[in-house]
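Q: Quick one: the structure is below, and I'll ask about it shortly.
Any read-out appearing in this document is the output of simple, stated calculations on the displayed coordinates, not a laboratory observation. None of these values were measured; they are calculated from a predicted model. Here the Cβ is made from the backbone with ideal geometry for all residues, glycine too, and neighbour counts use every protein chain on show.
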Amino acid sequence: MRMQLDEGGLLARQDTSAGNGTRIPAWLDLPDPKSFRPKRKYRTVWISDIHLGTRGCNAAMLVDFLRSIECQTLYLVGDIVDGWRLRKGWYWPDEHNEVVRRVLKMAHRGTRVVFIAGNHDEILRDYAGLTFGGVELVLEAVHQTADGRKLLVTHGDSFDGVVLYARWLAFLGDAAYGLLLRANIVMNAVRRRLHLPYWSLSAYMKKRVKNAVAFISSYEEAVATEAINRGLDGVVCGHIHCAEIRQFGGITYYNDGDWVESCTALAEDAQGQIAIIDWAEEKAAAGTPIRALEKEVEATA
């Protein structure tokens, strides 16, 4: 094993032990930044709707979360990269690179990473069944919890009537949603200057609009029904940016939320219990301003 420069001038490790000359980026083996926080250990973590490639993505918050955990399996439940936005114009700051590096480091260090393509990164669905950098790309999965329950893991856009039957309306809604997110960015830029924690205007508005509430309720019921039809015990999804755990008869519906509005994830402990982690709320409770997280990512990127 030896070190050498790759084509871009970056240090890379050449693994000659297998005789195949495979080169691995050196940053995969770099130690994590020192922290006084002990890492939280989970059996499984689910995150979705990161929307890398958009200004609304809270990449610094997500990097901080991923640096704070260890898990056996990490599910990326769709809309990780926003292909819809990137087709309109390129936006990819260093913070977004750091999210990708963090996920690849986790895969390199033994975490099983499963990427379920969503509608915003639907271009990846053509490559389902392949593995990239230790990340398994699939259309959906069935997860068995530590207590023996079987959960369907799917992004969830196939249960969204607007996306499924009126694609043009989905793009129109995406544009309107984008305007709301831009307002959210401006508002949080002001909050950063005032050393205030992150707060989501878009999530606040969504929870108070009657039609949005009705849509979310119908969506949750449709996804739960699919789990019933398949004889499963529950379902984990994303798509609607609304973290939730609900019972529908004997079926448990889990939604891991997003990293644009709420900054939430789902985590399973060693006994099979699954809970919502609200990272934005935890950072706010700790009095951690957004800019402090951004500076930490910039310093270690």
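Q: Among 40-48, 127-135, 219-227, what's the highest-first ranking by average C-beta atoms within 10 angstrom per residue?
A: Details: 40-48: 21.9, 127-135: 13.6, 219-227: 19.4.
Order by mean packing, descending: 40-48, 219-227, 127-135.
Q: Work out how much length residue 55 to residue 230 would gain on full extension: take 0.36 nm times their residue separation and subtract the Cα-Cα distance, in nm to one decimal. The partial results should precede the final answer.
A: Numbers: separation 175, 0.36 × 175 = 63.00 nm, distance 3.79 nm.
This chain segment gains 59.2 nm when fully extended.
Q: Roughly how many nanometres apart are two label points built 7 Å out from the Cα toward the Cβ at residue 27 and residue 122?
A: Rounded to a tenth, the inter-label distance reads 3.1 nm.
Q: In the stretch 103-139, what trypsin sites (Lys or Arg not before Pro) fall in a loop by DSSP, with at most 14 other Cβ atoms inside 10 Å?
A: Numbers: sites: 105, 109, 112, 125; in loops: 109.
When the trypsin sites (Lys or Arg not before Pro) of the stretch 103-139 are filtered for loop state and at most 14 Cβ neighbours within 10 Å, 109 remain.
Q: Under the Karplus relation 6.51 cos²θ - 1.76 cosθ + 1.60, θ = phi - 60°, what is the ordered set of whole-Hz ³J(HN,Hα) values for the stretch 219-229, x standing for Gly and Pro?
A: For the stretch 219-229, the Karplus curve yields 5, 4, 5, 5, 5, 5, 4, 4, 5, 4, 4 Hz.
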